[in-house]
Amino acid sequence: MLQSDFHALAAYFRALADGLRLRILTLLADGGEMNVSGLAKTLRVSQPLVSWHLRLLTRAGLVQVRKVGREVYCSLSPDALRLHIAHMSHLLSPNNDPHDEARS
C-alpha cells in the first residue's frame, strides 16, 4: 500500500469513530439519498451539527453531496467504501503478518 492509502484509511477510521456519524451512514445506507434537513430531523439534532459531521464524512470519501438550490443532498459513496474495505482486507491478509519477517 502507498503512503497516501494509509492516510486515506486513517481518515476513514476517524470518520467512523463517532456514534452520530455512524448513525448518519446507517440512515444513508438504509434510505439512500437524503437532504441535510431530513437527516437533522430524523436524528433529532441541529442542522449545523449534521453539516459538520457530513463534512468529515465527505473528506473521508464516505459520503458524496450535491446541491440543488439551497438544499444539500447526501448519499453514500460506494466506490470509496469498496476501496477502504479492500485496503483493510489487504492489511488483514495472512500474507501480511509482520511477525513472519521477524522470524526470518
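The values are calculated or read from the model by the stated rules, or taken from the named source; none is laboratory data. All values reported here derive from a predicted model rather than from experimental measurement. Don't worry about glycine lacking a Cβ; one is built from the backbone with ideal geometry, like all the others, and counts go over all protein chains shown.
Among residues of segment 68-95 that are farther than 25 Å from SER51 by Cβ, those with a beta-carbon under 7 Å from a residue that is assigned to a helix (DSSP H, G or I) at least six positions away or on a different chain give the pairs HIS87/ASP5; HIS87/LEU9; HIS90/ASN96. With respect to the conditions (1) in contact with a Phe, Trp or Tyr (Cβ under 6 Å, 6 or more places away or on another chain); (2) farther than 15 Å from LEU9 by Cα, LEU27 lacks only one, and its number is (1). State yes or no: is ARG44 basic (Lys, Arg), surrounded by fewer than 17 Cβ atoms within 10 Å (Cβ to Cβ), touching a helix residue (DSSP H, G or I) at 6+ places or on another chain (Cβ under 7 Å) and at pLDDT 85 or above? No, not satisfied. Does GLY32 satisfy the condition of being touching a strand residue (DSSP E or B) at 6+ places or on another chain (Cβ under 7 Å), modelled with pLDDT of 75 or more and at positive phi? Here the answer is yes, as GLY32 does meet what is asked.
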